[in-house]
1. Based on this model, can you work out whether Arg109 counts as at pLDDT below 95, part of a helix (DSSP H, G or I) and farther than 20 Å from Arg26 by Cα?
2. Out of everything in segment 62-90 that is of a type outside the set (Val, Ile, Thr) and crowded, with 20+ Cβ neighbours inside 10 Å, what residue ends up being farthest from Arg108 (Cα to Cα)?
3. Based on what the data block shows, is Thr95 of a type in the set (Ser, Thr, Tyr), touching a residue at least 12 places away in the same chain (Cβ under 8 Å) and either within 18 Å of Ile5 (Cβ to Cβ) or surrounded by 15 or more Cβ atoms within 10 Å (Cβ to Cβ) (or both)?
4. Going by what's in this entry, would Met102 be described as open to solvent by 70 Å² or more (accessible area, probe 1.4 Å) and part of a loop (DSSP other than H, G, I, E, B)?
5. Tell me which residues, restricted to segment 56-92, are outside any helix (DSSP H, G or I), more than 11 Å from the chain's Cα centre (by Cα) and closer than 22 Å to Glu2 by Cα.
6. How many of the residues making up segment 1-41 are assigned to a helix (DSSP H, G or I) and either open to solvent by 40 Å² or more (accessible area, probe 1.4 Å) or over 27 Å from Arg108 (Cβ atoms) (or both)?
7. Write out, first by first residue and then by second, each pair whose Cβ atoms fall under 7 Å of each other, whose residues are 6+ apart or on separate chains, and whose first residue, in segment 12-33, is on the phi > 0 side of the Ramachandran plot while the second is of a type outside the set (Ser, Thr, Tyr) and part of a loop (DSSP other than H, G, I, E, B).
8. So, in segment 6-36, of the ones that are modelled with pLDDT of 95 or more and of a type in the set (D, E, K, R), which residue ends up nearest to the chain's Cα centre (by Cα)?
Amino acid sequence: PEALIRAVISVESDYDPRAVSRAGARGLMQMMPFTWKGMGVTDPFDPRENIFGGTRFLRALANRFRGDLVLTIAAYHAGAGAVTKYGMSIPPYTTTQSYMRMMLSRYRRERVRAKEG
C-alpha cells in the first residue's frame, strides 16, 4: 500500500534521497547494497529507482511472510533471517522494537491521511 511506502520513506530517510546510514544503507528507502543490487537498482540515490527497488523488496518480504504486515516490516529492518530465527516473530533487538513502534504509528497516520486526502 502507498501508505506503507510513505511510512518507510519517512522513518528510514525523512524523505532525503541522499541519506546514507552508518551501516551503509542508501537513499529514500535506505536499502543496503546487497538488497538494492538484488532488486535491480543501479543508482540507490535516484528516488524513482530507490522507491521501485524498495517496493519490490517489500513485496518479496510480504510474499515470504504470507502477507503478514508486521513480519514484513520487521524483516525490512532486521532481515528475513532474524524474523525466521525468532520463530516468525519480531526479533528482540532494541532497535527493531523501536523501529516497529515508529513504523506502525507512521503507517497508521499515513493511512488516515490517505483516506482524508
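1. no
2. Ala78
3. The answer is no for Thr95.
4. No: the conditions fail for Met102.
5. Within segment 56-92, Phe65, Arg66, Gly67, Asp68 meet the criteria.
6. 8
7. Tyr15/Leu28; Gly24/Met32; Gly27/Pro17; Gly27/Ala19; Gly27/Pro44; Gly27/Phe45; Gln30/Ala19
8. Glu12
The values are calculated or read from the model by the stated rules, or taken from the named source; none is laboratory data. Bear in mind that the values here come from a model prediction, so they are computed numbers and not experimental data. Glycine also receives a Cβ, built like all others from the backbone with ideal geometry; neighbour counts cover every protein chain displayed. We work out accessible area using only protein heavy atoms, side chains counted, and drop any ligands, DNA or RNA first. Shrake-Rupley method; radii C 1.70, N 1.55, O 1.52, S 1.80 Å.
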